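Peer 1: I'd like to ask some things about the structure below.
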Amino acid sequence: MINEILIIIGEVLIAIGAICDLIAAIGMNRFPNFFVRLHALTVGAIGGAFVPLIGVTLLSLGAEFLGVYRFFMAGASIVSAILLLFLAPVGSHAIARAAHRSKAAIVYPKVIDRLEEDRERGVIT
Amino acid sequence: MGRLYRAIPVSLLVFIVYIVFTGAITPYDIITGVLVSIVIGIITANIVISNPYKPFDPRRWAHTIVYTLYYFFVAEVKAHIDVIKRILSPKMPINPGIVKIPIRVNSDYAITAVANSITNTPGTVVVEIDENGKYFYVHWIDVKRIDEEGAYRSISYIFEKYASKVFD
Amino acid sequence: MMVVPDITYGLIPPMLISFSFITPLLSLMIKSRRFFIVYASTLGFLTFMLSLLVAINVFREGVVIYPFGGWPPPIGIAYIIDKLNATIALLAALIFLLSIISSSIYLGFYQKASTLAYFYTIVLAIFAGAIGSLYTGDIFNLFVMMEVMCIGLYTAVAFHRSKAEAIEAAIKYSFVSIIALVLYLFATILFYSGFQTLNMADLALKARGSIDGLISGGFFGNYFVDLIFALALTIWVFTLESALVPNHFWLPDAISEAPTPISAIFPVAESVAIYVVIRYMFTIFGPNSIIAEGHVRNTILLFLLILGSIASIIGGIMMAVQRDVKRLLGYSSISHIGFIYMAIGLALFTGVMHRALIASVFHMINYVISSSLLFISLISIEKITGSRNVDALAGLGRFLPLAGFSIVIGVLNLIGIPPLAGFYSKFMIYQVALEASQPIVAAITIVATAITLMGYMKLLYIVFGKPSMGGEKPREHLAASIPALILALICVVLGLSLTVGFINILEDVAASAYSYEPYVRVFYDYMKMLFPR
Amino acid sequence: MGIEEQVMLFITTIVPIFIVSIILYLIRILKGPTVPDMVIAIDAISYDIAVFLAVLAIYFKSPILISCVIVFVLWAYALDVYVAKYLESKEIGE
Amino acid sequence: MEVEPFLFNIVVLSLFVNIAMSLYGVFVRPSLIKKIISLTIFSDTINTLVIVVGFRHAIPNPIPPVVIEIPPPPQYLRQFVLQAVDPLPQALVLTAIVIGLAVLLFLMFTTLQIYRIYGTTDVRKISRLRG
Amino acid sequence: MGNTLQVVIIISLTLMVIGLAMVLAMGGFGFTVPPSSVRSLATIFLNTTFNLDTKYRYVSAMSPEAVTAIVWDYRGLDTLFETSVMFIAIVGALAISRGASEKLLKGFSKTRGGMSLIVKTITRIIIVMIASVGLSITLHGHLTPGGGFQGGATIAVAPMLLIITFSIYLFSKMITVSKAVTLRSIGLIGIALSAFIVLIIAILHGDLAYIFQNQPKLYSHYGLPSYAEVMVLGGTLLLFNTFETLAVAFGFTALFILFILPEEVVKDIIKGEE
Amino acid sequence: MMLHYILMALSALLSISVVYLAIVERDLIKAAIFSAVQSALYAFLYYLLMAPDIFLTYIPVGVGLYTALILILIKKTERYEGE
């Protein structure tokens, strides 16, 4: 019984992940500039990768047909998920910072850009 | 001596990661896991941890659990739904800009946790951090308030509240 | 019955590479330059003695096998050593030893012990790669060993890092060679795809259609199309590695820009590639194998014959216009490689196959010895002029009796003057061409020799005829002159010993190239012994 | 229908969504226009493929394939950091 | 078993096309760095082809060549041999990848040295060796 | 000239693709692609890689992972020399930049550069997890996919991330090129010794064994422990994997440090001879 | 089983486009990034060809090391390929 529940929860999470991925991919193509696309990336990373990896963990814990190595599978996928939780935001922060500093990407449709203002005033290097 | 104290939490972390990643508890795994955790712990202790007593405080762990639950089941879900709506609606109602919000936590880990929480919620991305004046510069998909205090209230107040309890 | 074979058969390459692993570690602790020279020379001597032992054993007992890890050959890797590769490996070990000894003079340019350590690490690795690719009986292991040898050669060519030409030559050589070796990997897998095996003896058996009792089974898929494509690729790759026209362009650059001790081991590297071609064309896919049916093998040999003829002439012509001595010797290499391939190509005519192979192996030995000899004697001269500009060594030969003598012997051997061995090998090629009723090829040998004569005369003129720059009377560097002298004596002895039965040994060596039965038998027996079914 | 077939059926239905999103991300990579755009698209595609690999490991019933996921996640981050450092500093070693 | 060979042939053919394109890059493009990138792609494609040779069709699906039941019962091993792909090409590729990596690392150092000496990585401007 | 050459190259490459396609079409990759059976040699590998049957007593590599078994046991010689190719490349790099690594950063010891605080902090935690995961991949190389090179390459991410997120100036206080090369050499020597270890054991018993022997063979009954109850130890494979990890991780570190040295530090040294 | 082959064919076909762009792109940074994408696609292919060992070897090498070293090389030399 507990196995079936785990599998169902896992499947639901994977389905949520797949849909989030699709939406993030659409957003990645629709959004106008780099900085806005970063938000689509966040959807893709957390909703589209972290959540389904947790789903895979639960599913594989419940799936007895995978044999004794299913614990290996669960362990590897949850470690990957936690690494992803740490790494994804840092990655997008690093690339955003570099893009803004080197002016590789424009911040065009914008309400305000306090960073640019501060940089011009010399508050921040 | 400080190095050894600091090595203990690091070794524990290594051991947990090792065993979880392996997914098996045969004697072979435990022996190699202990060896690996001792070696890595001693090598990297000084890089990772500055105050060895913090990781053993149970209150911090309790806050961590509460925070994790809140974060994943409330903050993330709200933010995801918000951004997904913006992506899917035909007119694409975005209102982006970079705002400046103050940092009110102290330790490196706390700042990092707040920044990661901000970035991990869709809709806000930390673009730059001013380490002297202690400001985040956050790219916000829907700028509601452009003043520092207002932005702080709507973006990072709740994260900082927990982060200061967990890490400071 | 002693079933675990004698350890010397498999020891040389792993031992050399293990000692090469230690060298950078030693360079951090030991700051004495002399130590590294002694270290490398000792290793070279040890290896030479070991390969001598192996060669003696092989000549006494026939083909020997060393399966690594105790796995019977098609499952694991085995070294299969017969007279052909034992002889060439012995020659290679000799040249390497002498080149290591003479490089102690050359490296006087460098003050730091660590530089010497890096140099010797690279040389030892090339050594291990060369011996390994000669001994191995596995086509994929051959790829790995060739890579070891070639990467050592690239790094060695780039050793003069501040010299623009050296780096450029290294880039040119490495790009060409990398592409070639990657394609050889593809050829290997095509062989595996069609024949289900990577072992040379196993391939040889299957190429003759005898698949009974082999644990690797029969054929898989359309083996014939695999065979054609893979063999063509393999031959192309190894003719490139041995700098046959039209893929010769990297050799003069690399050989002239490398440190001179490395230039002395380039002929060995080429002979390794030529050995592989002989192995593929005669032992594995020999005249009675499946590929001989559809004219494919004959076409490949014909190509080798034509390209060899062209190479011998082009090399000679380009030699005549060179100003730099080392570059001149590079083109001389191209010309002689042309001769060797001409001899291999003449084996196309089945009546003269045996004599053609003798001629090619003999000429290869002569070429390697005398070419290395010339480079090693140049070290001594270069050291005196104090610069690496080889144009500046005019007239120095007159002051250096030993080095001068060796240079004269080497050049005469390359030209082919009667009492020396070079004459006999060229004459043999000429004779074989006539016997095969190919007067054009015979004429080409004469013409090419005549053309190269100009280049060699020029070399002799530069070293002896030109007035020297003056200054004090230079002193001989024994560490470089004596190795050269040894090689010169070998040239003389080889020529003389032809009359007292050396030709029989040569016949044996060449026969072991195409008589695949002993090569295969030892493999078959071993497989049966360790893997009874 | 046993639980195994049900999981397989679920995965076969979910796979096209992943494929479509991978292709959409790839379009963003090909279109660019700037280097950071490409890099975040690569990030997204890496995370996507990582999940896809995990799902496929269940589909193939070979749980040992899962260790591939972690390196994919790890190296996507490494690529981010490299490109970021490339863009923001004079030399990468600084 | 009708559409599968077609799809698999597409894989192999597109790898062939990749080989041709990367060789074009190595031979024709002027920049040494571009040549290095092309060379990387070339050797990767060859490696992929090597693995393709080791692939097999199996019912219900091929599995990696790893025994996952320890100790293996005989009937498991029989099924394993029927389903597992060929491990030998994989081992060869493992070797080949490391070799290719090593060689390309060396090439990068040489290219950097070329740039330090000549101030360019364009092969048309680097040609001091003649003849 | 350039254009005609290009055309010639394009035509010959097209011909090459057509030729390869012919090889495929005529069954060079097997008559059905993909074939529905493996080659017989592969069957032997699959049967013998981990088999407790007494029939296979002397022909089993006793490693459930067939690829690792082939890499380090059946074809160990290849892998030893593969590692040595990597080693020669590193030595070549050291030889090209000789003199640069020792003079590193004298007078440049200011702590500047690096990325933002967030990246630095996360890197500090993440390297620990990376090292642990990498060692897990290594130490289970004979059980699950992975092995020495894979684990080493994964661990090598950690120093790379440290170099890039902090800076080479800071990193060089932790480890220098010579230290990294020393550790790499120790790893390589370990590999070489593991290749000879069974032989050494046999010689101590006054007998002979093969180079690269792992498990007992028909005529040479020496070997390292490989299997105990449910634990698979892998014999020499474990030693090989561990040392290879050390060698690969520090080899990459050395190369990375050498390659990343700022030009202003090395440019004068590296243009001259040493 | 169809799914398996469809995925393989798809990743191989996509790799053609990426390789083409990597070869013709004049901005070397973009070429390096395309090469990284190609590595990812090949790695996916390795996964489908049931070669997890190669996957684990190839991703660190192809995506991590090559890209890093090429980026460093480009930073130290020049970014655009002359025409």
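Peer 1: Leaving out ligands and nucleic acids, and using a 1.4 Å probe, what accessible area per residue does chain D come to in Å²?
Peer 2: Accessible area per residue: 22 Å².
Peer 1: Between 0 and 90 degrees, rounded to the nearest ten: what's the tilt of helix C:223-241 against the longest Cα principal axis of chain C?
Peer 2: 10
Peer 1: For chain A, which DSSP H helices look membrane-span-like by this rule: Cα extent along the axis of 18 Å or more and mean Kyte-Doolittle of at least 1.0?
Peer 2: Membrane-span-like by this criterion, though nothing is claimed about a membrane: A:2-30, A:70-102.
Peer 1: List the residues, sorted by chain then number, that are 5 or more residues from F:Leu233 or on another chain and whose placed amide H is less than 5 Å from its amide H.
Peer 2: The answer is F:Tyr227, F:Ala228.
Peer 1: Percent relative contact order of the range A:2-121, based on C-alpha pairs within less than 8 angstrom and at least six residues apart?
Peer 2: 30
Peer 1: Something else: How far is the Cα center of the range C:251-289 from the Cα center of the range B:60-112, in Å?
Peer 2: Their Cα centres are 66 Å away from one another.
Peer 1: On to the next question. I'd like the distance between the alpha-carbon centres of the range A:11-69 and the range F:200-274, rounded to an integer number of Å.
Peer 2: Measuring centre to centre over Cα atoms gives 40 Å.
Peer 1: Work out the FRET efficiency for B:Arg153 and C:Asp525 from their Cβ-Cβ distance, taking R0 = 60 Å, and round it to the nearest 0.05.
Peer 2: That gives a FRET efficiency of 0.10.
Peer 1: Can you give the calculated 222 nm mean residue ellipticity of chain C, where each DSSP H run of n ≥ 4 adds -39,500 (n - 2.57) and the sum is split over every residue, rounded to the nearest 500 deg cm²/dmol?
Peer 2: When only DSSP H runs of four or more count, the value is -25000 deg cm²/dmol.
Peer 1: Something else about it: If one computes the Cα centroid of the range E:52-66 and of the range C:1-77, what distance in Å separates the two points?
Peer 2: 39
Peer 1: If contacts are Cα pairs under 8 angstrom and at least 6 residues apart, what is the relative contact order of the range B:2-55 in percent?
Peer 2: 57
Peer 1: How much of the accessible area of the range D:3-92, in percent, comes from carbon and sulfur atoms when a 1.4 Å probe is used?
Peer 2: With neighbouring chains kept in place, the figure for the range D:3-92 is 72 percent.
Peer 1: Further question on the same structure: From the backbone phi of the range B:76-88, what are the Karplus-calculated ³J(HN,Hα) couplings (6.51 cos²θ - 1.76 cosθ + 1.60, θ = phi - 60°) in whole Hz, Gly and Pro given as x?
Peer 2: So the Karplus estimates, Gly and Pro as x, are 4, 4, 4, 5, 4, 4, 4, 5, 4, 4, 5, 5, 7 Hz.
Peer 1: Moving on. Once you order the gyration tensor axes a ≥ b ≥ c over the Cα atoms, which shape class does the range E:1-108 get: rounded for a/c under 1.5, otherwise prolate or oblate by comparing a/b with b/c?
Peer 2: The shape class here is oblate.
Peer 1: Taking each residue of C:122-130 in turn, how many C-beta atoms of other protein chains fall within 10 Å of its C-beta, and what is the average?
Peer 2: Mean shielding count: 2.
Peer 1: Rg/Rh for the range C:251-377 to two decimals, with Rh computed the Kirkwood way over all alpha-carbon pairs.
Peer 2: Ratio of gyration radius to Kirkwood radius for the range C:251-377: 1.03.
Peer 1: Can you tell me which aspartates and glutamates have their Cα less than 18 Å from the Cα of C:Lys326? Leave out same-chain residues fewer than eight positions away.
Peer 2: Correct list for C:Lys326: C:Glu165, C:Glu168, C:Asp253, C:Glu257, C:Glu270, C:Glu382, C:Asp391.
Peer 1: Choose one of A:Met1, A:Met28, A:Ile46: the residue whose Cα lies farthest towards the positive end of the charge dipole of chain A (beta-carbon charges +1 Lys, Arg; -1 Asp, Glu; about the Cα centre).
Peer 2: A:Met28
Peer 1: Using DSSP loop states and a limit of at most 11 other Cβ atoms within 10 Å to flag GluC sites (Glu not before Pro), what is the longest stretch of chain C containing no flagged site?
Peer 2: Result, exposed sites excluded: C:1-292.
Peer 1: Averaged across the residues of C:139-151, what count of C-beta atoms belonging to other chains lies within 10 Å of each residue's C-beta?
Peer 2: That average works out to 6.
Peer 1: Another question about this same structure. Leaving out ligands, DNA and RNA, what percent of the accessible area of the range C:409-517 is carbon and sulfur, probe 1.4 Å?
Peer 2: 72
Peer 1: Something else: Would you work out which of D:Ile45, F:Asn51, C:Ser177 lies farthest towards the positive end of the dipole of the protein assembly as shown? Charges go on Cβ: Lys and Arg +1, Asp and Glu -1.
Peer 2: Selected residue: C:Ser177.
Peer 1: If you don't mind, there's one more thing I want to ask. For every helix of n ≥ 4 consecutive DSSP H residues, a contribution of -39,500 (n - 2.57) applies; sum these over chain G, divide by its total residues, and give [θ] at 222 nm rounded to the nearest 500 deg cm²/dmol.
Peer 2: That calculation yields -24000 deg cm²/dmol at 222 nm.
Peer 1: Among the lysines, which fall within straight-line cross-link reach of B:Lys85, defined as a Cα-Cα distance under 23 Å, with same-chain neighbours fewer than 8 residues apart omitted?
Peer 2: Counting by Cα, and skipping residues close in sequence, B:Lys85 has these lysines nearby: A:Lys110, B:Lys144.
Peer 1: Determine the alpha carbon to alpha carbon distance for each of C:Lys458/F:Lys271; B:Lys78/D:Lys85; B:Lys134/F:Lys179; D:Lys85/E:Lys35 and list only those over 28 Å.
Peer 2: C:Lys458/F:Lys271; B:Lys78/D:Lys85; B:Lys134/F:Lys179
Peer 1: Rank-order E:4-14, A:12-22 by packing density, defined as the average count of other C-beta atoms within 10 Å over each peptide's residues, highest first.
Peer 2: Those peptides, ordered most packed to least, come out A:12-22, E:4-14.
Peer 1: With an 8 Å Cα cut-off and a minimum separation of 6 or more residues, compute the relative contact order for the range G:2-76 in percent.
Peer 2: 31
Peer 1: Roughly how large is the F-C contact in terms of buried accessible area, totalled over both chains, probe 1.4 Å, nearest 100 Å²?
Peer 2: 6200
Peer 1: Here are some pairs, B:Lys100/B:Lys161; C:Lys112/G:Lys75; A:Lys103/G:Lys75; which of them have Cα atoms lying more than 22 Å apart in this structure?
Peer 2: Among B:Lys100/B:Lys161; C:Lys112/G:Lys75; A:Lys103/G:Lys75, the Cα-Cα distance tops 22 Å for C:Lys112/G:Lys75.
Peer 1: Right, something else. At 222 nm, what value in deg cm²/dmol follows for chain B if DSSP H runs of at least 4 each add -39500 (n - 2.57) and the sum is divided by all its residues, to the nearest 500?
Peer 2: It comes out at -19500 deg cm²/dmol, rounded to the nearest 500.
Peer 1: Over the whole of F:57-64, what's the average partner chain Cβ count within 10 Å per residue? Rounded to a whole number, please.
Peer 2: Mean inter-chain Cβ contacts per residue within 10 Å come to 3.
Peer 1: Ok, one more. When only alpha-carbon atoms are used, what values of Rg and Dmax, in angstrom, describe chain G?
Peer 2: Rg then Dmax for chain G, in Å: 14.4, 48.
Peer 1: Compute the helix-to-body angle for C:164-195: its Cα long axis versus the longest principal axis of chain C, expressed 0 to 90° and rounded to tens.
Peer 2: The angle comes out at about 10 degrees.
Peer 1: Would you work out what percent of the accessible area of chain G, with all protein chains in place, is carbon or sulfur (probe 1.4 Å)?
Peer 2: Here carbon and sulfur together make up 62 percent of the probe-accessible area.
Peer 1: Filter the trypsin sites (Lys or Arg not before Pro) in the range F:145-212 to those in DSSP coil with at most 14 other Cβ atoms within 10 Å of their Cβ, and list the result.
Peer 2: Sparse-neighbourhood loop trypsin sites (Lys or Arg not before Pro): F:Lys173.
Peer 1: Moving to a separate point now. Out of the trypsin sites (Lys or Arg not before Pro) in the range C:31-84, which ones are loop residues according to DSSP with at most 13 other C-beta atoms within 10 Å?
Peer 2: Counting only loop positions with at most 13 other Cβ atoms within 10 Å, the trypsin sites (Lys or Arg not before Pro) in the range C:31-84 are C:Lys31.
Peer 1: In addition: To make sure I understand the rule: partners must be lysines, Cα under 30 Å from the Cα of F:Lys217, and not fewer than 8 residues away in the same chain. Which ones qualify?
Peer 2: Straight-line reach from F:Lys217, under 30 Å: C:Lys83, C:Lys206, C:Lys528, F:Lys55.
The values are calculated or read from the model by the stated rules, or taken from the named source; none is laboratory data. This structure is a prediction, so every number in the text was calculated from the model and none was measured. No Cβ is skipped: glycine too gets one built from the backbone with ideal geometry, and neighbour counts run over all protein chains shown. Heavy atoms of the whole protein, side chains included, go into the accessibility calculation; ligands, DNA and RNA do not. Shrake-Rupley method; radii C 1.70, N 1.55, O 1.52, S 1.80 Å.
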